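For reference, the structure is listed below as structure tokens.
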Amino acid sequence: MEEHGEKYIVYTDTGGTFSDAVIVRQDGTFVNGKSSTTPDDLEQCFFNCVSAAAKNIGLSVEEVFSKTEILGYGTTAGTNAILTRQGAPDLGLIITKGFEDTTLIGRSLGRWAGIHPTQSIHVPTTDYPEPLIPRTRIKGVTERIDSAGEVIIPLYEHEVRKAVQELTDAGVSGICVVLLWSFLNNKHENKIREIIEEMAPGMPTAISSEVSPLIREYSRANSTIVNLYIGTALRTLLERIKRRLVESGYRKPMLVMQAAGGLSRRKVVKPVSTLHSGPVGGLVGVRFWKDQYGVKNVLGSDVGGTSFDVSILSEEGSPYIREPVVARFTISNPMMEIISIGAGGGTVAYVDEMTHLLRVGPMSAGAKPGPVCYGRGGTEPTVTDADVVLGRIDPDYFLGGSMKLDKAAAEKAMKEKIADPMGISLEDAALDICEIIDQTMGDTLASTVRQRGLKPEDFTVFGFGGAGPAHCAGYTAGTSYKQVIVTPFASTFSAYGASTSDVLHRYESSPFTVMPGLPFDVTTGYFDVKELPQEHNDAIKRYNGICQQLIDNAYSDMADEGFRESDISISYVLEMRYGGQLYEVMTRPKKIIIDSVEDMNNILNTFENKYVELFSEGAMYPGGGIEIYNIVVEASAAVMKPEPLRFPKKGKDPKNALKEKRKAYFKMSDGRKWVDTPVYEMGLLEHGNVVNGPAIIEHVDTTFVVLPDRLVTVDEFHHMVMTEK
Amino acid sequence: MVSNIDDQLDPVKYEVLYHRLEQEMYEAQQIVRHLSASTIVREAGEVAEVICIKEGTACIISAGLLVHVASVTRNIKYMIANRYADDIGFYEGDQFIGNDCHIGGMHIPDMMLIAPFFYKGEHIGWLGNYTHVPEVGAIEPGGMCASAKEFCHEGIRMPGVKISEKGRVKRDIIQILTHAVRDPKTMEIDTRAKIAGNERARQRLTKVIDEFGLDFYLKATKKMVDDAEAFARERVKGLRPGKYRARTYTDSVSAFDQKIRVGELCMETKKDGELAISTPVASPQAMGYNNCAMPAIEGLLFCVLLWQFYYKSRWNTGMLNAISMDFPLGSVFNADRSAAVGYCPIGVGMQLQGCLNDVISRASFISGNYEDMMASNSLLNCPTVGGLDRYGRTYGAIITSTMACGGGARHDKDGQDCSVTQFNPWDDCGDVETEEVGPILMFTRRRRADSGGAGKFRGGLAAQSIFTPHRSDVTFVGLTGSGGYMSLVQGMYGGYPTPTGALEVITGSNIYALAEKKLPLPFSMENLDRVEGKHESVYPSAASRKLNQGDLYCVQYWGGGGSGDPIERDPSMVAKDLRDGLTHRYTVENIYCVDLDPVNYKVNEVETQKLRSERKQARLRNGIPGKEYVRKMVERRKSNHLPEVVSAFLEEITDFSEPFRKELEFEERFATSPDKIYPATAGKELLKLTPYISVMESEDGRKVMVCSKCGKVLCDANENFKLHCLIYDRDPSDIYVENKAPDKNWMIFREFYCPECGIQVEVEGTPVATPIVHTYELDL
């Protein structure tokens, strides 16, 4: 293959166990490389996996970097630092007096957040996580700003000085500052920072109104603390990698993946925004292929070892979680919403001791000990064991044969733990497990769409993740999706996806724009505003000011990233509700600044339409007026993207890809039975080939199971499009 | 007793249906939650959506608040029993609104919407949901009114009224509701939210039955109910059969009532897996709002069983078939229709939940299920705020800091601080920055030192909050609460009950003037004297009163009960608590008997051992032998040499409760019975009854109770070992010096020591001269 003159996109993803790198060519083809994550020195695995990928195209790391146009990095380093408590030691916290226990009380939900409800229901066994800052290094200072942003109690600067002195005497390595309502008025927080700088020059600080200028002090405090806790180590790591990249010939900016679904330059990225950015890569990949296919609504479904992650991208964009939970701390840095349930290859099946019924999950054998067939000490039968027992996964071709699976052990465990207690055959036990887990995942997938007032039949499903293709026929059964698409690189979908990401920044503010008494039509329930309401002039003026500030920040930061104004696209989200309600509806108006009654009506109409779609007209409550709770401005700019190769069309017959036939157990129209099932090599399938289920399509790192009632057509990207027969 | 229809059901299809129904009901529940206008729905998740089988039992419940799992079932059964079908009629598209807490629900603010569910024209089951609405038109804003004397003071009461007929909402009923309350806006929003939730559930369930077939659906849902019962029975069979008892007292104080009330919970575990729960000793219902209707107490106790005991199960109201409940009608736990009951679910009802925590823990300890142990959790003293917000809109809500309660101490750990409410395992007390919807400004929300019961493992600490009206000239604040004179949360195994609740109101405070001069402000109940103004120490059950901006409302919430003898607490844990400001010097030195350096918190081990040894010696000196103690108590009762409030209590309860009379008679007999001779030693341990008491067998085969610390034989195994301890009436103000201690005229801490080694084996918070509780009656 001619490599000269090519430009590459390189993306590396450091996971908890493995690090992946993809080197993507402009034609969309790519090579990947894998290496073990080196937790003590993350720089090393960064270069190890790039080196492994480079080796696959016969190049050195230096040769790859010299041709690299864009380098992206996704890392779980931050999350791991929290989990292992290896972030910045001995941080201090200065907080509004009277609220010193805010992070320790944790809104009460700190006791159970991040624990699965089937476990957290048992109250005596739930506990708060070990705090990142203990009570002894939390200092209260007298001050108070109210919910209108007005100073009610002035800052007691002498208390600040005393607090800073005590913290520095205690040897803190950084100080976080979190004051109530500071996102509306940051005067006191800024003053505290000045005093810290004066008394302890160079002391690292994190100021809540900067890290996360959003309402709710508990999650804002956590974001602020985490930003400083993981920040120093992350910045040092990024600096070291960058230095070595320069030595290796890479001179362009290094971009870091954020949980909000876009890249940011190393120098400006907020450490806390990198948390949970790994799974978001898959979502970005879904977005890339959504555009390639020109479809409006897509679902991403990622089946890993322990979790089934669903992401949704509809015509109106993708939803965000306002307060994600990371390592059991609720933070306020919005991340792209990935609905996750405990279901994956490692999910454990068992017979309920009381009711004698078969249950599957949510407990998982995880990576260690893992399924029984891994031979790493697992004793409880899992979904992957069921796949092996059913003949769907070839024990000699798992990870391309690099890891031999112990089928006999899987069968023994399945027999003893499931089949015998239930009085059924081994294969029926395994098929029951698959059907239950498939349905559990299928319900989550379908309800993700329906809960948003959308229809599954409008959606295309992407199935990826190591165990995704083995089960996507099962978990899409019974719901009429438009189509189901499996890519040949299903298990590295996330890393590849992340390589297609744009540079993106997200800005938010909570303005509390409250406009009661807006006129409405009593017969229809819709607002009927003829002119801008004079009584709300001040509220609108303040709201417009906040909007303008966010937009200005967006353009200014993107300019710092090196983009021209014409390269930048801006989009908006307003979170709104009827006055008196407590939950917001996320709307996406085209314009947010209110200059005219038309602007106002556009915003109101966008809200009403979304509200009715979700809850019906019967639930409208225009009498309450309107409240704009949160403003979001998103600025993005495209960077170089691969142009995927489109292959010429060949015949329908997939015979060139047929490897063998092997016995696999399926539910056929005339009952469950062992079937001589054709096995195809995924890499040899061609555009136009049609594979009839039941069939198995294997690739070095994944197995695609085509159920008897499904048909697979290979499309121009060599993706497999599955439909019902 | 797994259902005999098992064989006819495809187990995989059954499992799949279960997951599907769970998802669909969760979606409908979220519709209600998102549309509601109540903070308690948002913060505490007080919302549910359920599917019931035709006879009313719920088979699938998506609940934010477990306490309500039985509410919908009870309402449906009421409508069936009252032959609604004969005249009112059940038609497709109908919905009924109900909030009569003598039919179902905790109290009047719990409103539910119930829809008969039809499939292809046939009435095959029910859908239902509920939320707690913030205003019901009672004598005070809210619906949990401290000034309510009787039922008709508690607002509008709907006993299952058709609010939607054949799909059309009845505007007349909506108007009855909205015209009867102070906050019509919220009432209408919440009612419409529930209508929308049931409608979404109806659409989804219809599709599910289309897919699975009606016959399968009916059999499977019946099986879900039967399976839940089977599970419940299996779990109980794992416990040692016998009776376990716990007792709690409350001070019922208002303008028209100043009394002590008692409730004893008896949990009997039977060999067939039935759990029989009763209150053999219970006071008559009170004038005032601290009573329970039967549906509430059933839901409250069931909720604790779910999260502390049956938690591994897929639960539904089928479990209730394995539980029997018996509470005397006209008692505080089964009040008749004449009574006000507003405070029940977070007051005396929640106290009885604490008793259930205690007996489950005791039964679990004996069976080795240590992970299920948790001493009594707390109850709630709940501030309510009403009036106009800064935009001039009507407003009504609770201060959710009240949810930041302490959990009871566990087997080998302290209770969790500020995070355990009995009715919701997924507690959420919200942020202070929820001020955006309320006319208040919060000055303090933080843990209060020593607010949990002291013990080897201390109870979880509670929060305290101080707030003032803000940006509104029309703000009314009240406190739904109790416990100004008594501790309402007991300890176990020698751990102490908690301090009392407290409310301080400071009107006309100079807090903003102090702030201008940058002088110290009060950020804790302990330094309220920093502000000038009219200070009132108010009993923590206070009718709503108008407050002005700058007036301070200061509330101390409840912690959890302690467990184990405090002088066995690890001194390093004591030092850590002191360093973190979670305990006081007095407590360290006098309750935990720890000597440490107040600067570096280093423990002086030698001195600590000496202090602890001295404490045991003092106990051995001061403790009165059980029989002598009982004799003196009997004499006091006879001579009526008692505080007035105790005397009145004894008179009332003796008259009302036959089991209580029998206890008095037993103690009279015991006081004069001849002393028994017990073996000097016993060899073989049969079971560990408590961390300090074992049942052992002597060489001659006699089963006896023994102090497991020193081997002292106390009594025969079928006797109440407490009667054979040294006993001492402790003035609670010896224990809680910095916090508000129970008034000794209302409650003493009765301490029980081993007569040989002086270890403190139990403590009862009890009015003086009341009978000693016989905690265990086991089938040995």
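A few remarks follow.
- Within region B:628-643, considering residues that are touching a residue at least 40 places away in the same chain (Cβ under 8 Å) and among the charged types (D, E, K, R), the one nearest to residue B:666 (Cα to Cα): B:631
Here's the yes/no breakdown for (1) closer than 19 Å to residue B:778 by Cα; (2) at pLDDT below 95; (3) open to solvent by less than 50 Å² (accessible area, probe 1.4 Å):
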residue	(1), (2), (3)
B:636	no, no, no
B:642	no, no, yes
B:646	no, no, yes
B:659	yes, no, no
B:666	yes, no, no
B:669	no, no, no
B:690	yes, no, yes
B:694	yes, no, yes
B:704	yes, no, yes
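- Some residue of region B:583-591 being under 20 Å from residue B:378 (Cβ atoms) and modelled with pLDDT under 95: no
- Residues of region B:582-600 that turn out to be surrounded by fewer than 17 Cβ atoms within 10 Å (Cβ to Cβ) and assigned to a loop (DSSP other than H, G, I, E, B), as a count: 4
- Lone qualifier among A:121, A:115, A:153, A:105 - being surrounded by 17 or more Cβ atoms within 10 Å (Cβ to Cβ), over 30 Å from residue B:308 (Cα atoms) and not charged (D, E, K, R): A:153
- Of the strands (runs of 3 or more DSSP E) lying entirely inside region A:207-303, those containing at least 1 residues that are open to solvent by 30 Å² or more (accessible area, probe 1.4 Å) and touching a residue at least 60 places away in the same chain (Cβ under 8 Å) span A:263-265.
- Test: residue in region B:308-322 that is surrounded by 24 or more Cβ atoms within 10 Å (Cβ to Cβ), over 15 Å from the mean Cα position of the chain (by Cα) and within 18 Å of residue B:480 (Cα to Cα): no
- Of all residues in region A:693-709, those that are open to solvent by less than 10 Å² (accessible area, probe 1.4 Å) and more than 25 Å from the chain's Cα centre (by Cα) total 7.
- The strands (runs of 3 or more DSSP E) located wholly in region A:314-411 that include 1 or more residues which are within 14 Å of chain B (Cβ to nearest Cβ) and under 30 Å from residue A:613 (Cβ atoms) occupy A:339-341.
- Identification of strands (runs of 3 or more DSSP E) wholly contained in region A:18-110 with 3 or more residues that are more than 21 Å from residue A:263 (Cα to Cα) yields A:30-36, A:91-96.
- Residue within region A:127-141 that is more than 9 Å from chain B (Cβ to nearest Cβ), farther than 30 Å from residue B:412 by Cα and open to solvent by 10 Å² or more (accessible area, probe 1.4 Å) present: yes
- Taken over region A:103-126, residues that are without any contact (Cβ under 8 Å) to a residue 40 or more places away in the chain, more than 8 Å from chain B (Cβ to nearest Cβ) and of a type in the set (A, V, I, L, M) amount to 0.
- Qualifying residues in region A:370-396 (those that are acidic (Asp, Glu) and closer than 16 Å to residue A:702 by Cα) - the one modelled with the lowest pLDDT: A:396
The rows are residues; the columns are (1) open to solvent by 40 Å² or more (accessible area, probe 1.4 Å); (2) touching a Leu at 6+ places or on another chain (Cβ under 6 Å).
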{"residue": "A:358", "(1), (2)": "no, no"}
{"residue": "A:369", "(1), (2)": "yes, no"}
{"residue": "A:395", "(1), (2)": "no, yes"}
{"residue": "A:398", "(1), (2)": "yes, yes"}
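- Among the residues of region B:435-463, those that are within 28 Å of residue B:568 (Cα to Cα) and either of a type in the set (A, V, I, L, M) or within 11 Å of chain A (Cβ to nearest Cβ) (or both) comprise B:446, B:447, B:448, B:449, B:454, B:460, B:461, B:462, B:463.
- Of the candidates B:239, B:218, B:177, the single residue that is in a helix (DSSP H, G or I), away from chain A (no Cβ under 13 Å) and open to solvent by 10 Å² or more (accessible area, probe 1.4 Å) is B:218.
- Hey, residue A:96 among the hydroxyl-bearing types (Ser, Thr, Tyr) and more than 8 Å from chain B (Cβ to nearest Cβ) or not: yes
- Residue in region B:540-554 that is in a loop (DSSP other than H, G, I, E, B) and in contact with a Cys (Cβ under 6 Å, 6 or more places away or on another chain) present: no
- Hey, residue B:509 out of contact with any Lys or Arg (no Cβ under 7 Å at 6 or more places or on another chain), surrounded by 15 or more Cβ atoms within 10 Å (Cβ to Cβ), polar (S, T, N, Q) and part of a loop (DSSP other than H, G, I, E, B) or not: yes
- Every condition in (1) farther than 30 Å from residue B:271 by Cα; (2) open to solvent by 20 Å² or more (accessible area, probe 1.4 Å); (3) modelled with pLDDT under 80 holds for residue B:1 except the one numbered (1).
- Hits in region A:444-474 (condition: within 10 Å of chain B (Cβ to nearest Cβ), in a helix (DSSP H, G or I) and open to solvent by 10 Å² or more (accessible area, probe 1.4 Å)): A:450
- Residue check: residue A:679 meets all listed conditions (1) at pLDDT below 95; (2) part of a strand (DSSP E or B) but one, namely (1).
- The set of residues in region A:666-685 that are open to solvent by less than 90 Å² (accessible area, probe 1.4 Å) and under 35 Å from the mean Cα position of the chain (by Cα) comprises A:666, A:679, A:680, A:681, A:682, A:683, A:685.
- Taken over region B:400-437, the criterion of being open to solvent by less than 10 Å² (accessible area, probe 1.4 Å) and more than 16 Å from the chain's Cα centre (by Cα) is satisfied by B:401, B:429, B:430, B:431, B:432, B:433, B:435.
- Under the condition of being small (Gly, Ala, Ser), part of a loop (DSSP other than H, G, I, E, B) and modelled with pLDDT under 90, the residues counted in region B:29-82 number 7.
- Sole residue being touching a residue at least 12 places away in the same chain (Cβ under 8 Å) and in contact with a helix residue (DSSP H, G or I) (Cβ under 7 Å, 6 or more places away or on another chain), chosen from B:158, B:112, B:79, B:144: B:112
- Verdict on residue B:459 being surrounded by 24 or more Cβ atoms within 10 Å (Cβ to Cβ), over 15 Å from the mean Cα position of the chain (by Cα) and in contact (Cβ under 8 Å) with a residue 12 or more places away in the chain: no
- Some residue of region B:14-27 being out of contact with any strand residue (DSSP E or B) (no Cβ under 9 Å at 6 or more places or on another chain), more than 7 Å from chain A (Cβ to nearest Cβ) and modelled with pLDDT of 80 or more: yes
The values are calculated or read from the model by the stated rules, or taken from the named source; none is laboratory data. Computed from a prediction, not measured in an experiment: that's the story for all the values here. As a convention, Cβ positions derive from the backbone with ideal geometry for all residues, glycine included, and neighbour counts pool all protein chains shown. Accessible surface is based on the protein model in full, side chains and every heavy atom, while ligands, DNA and RNA are left aside. Shrake-Rupley method; radii C 1.70, N 1.55, O 1.52, S 1.80 Å.
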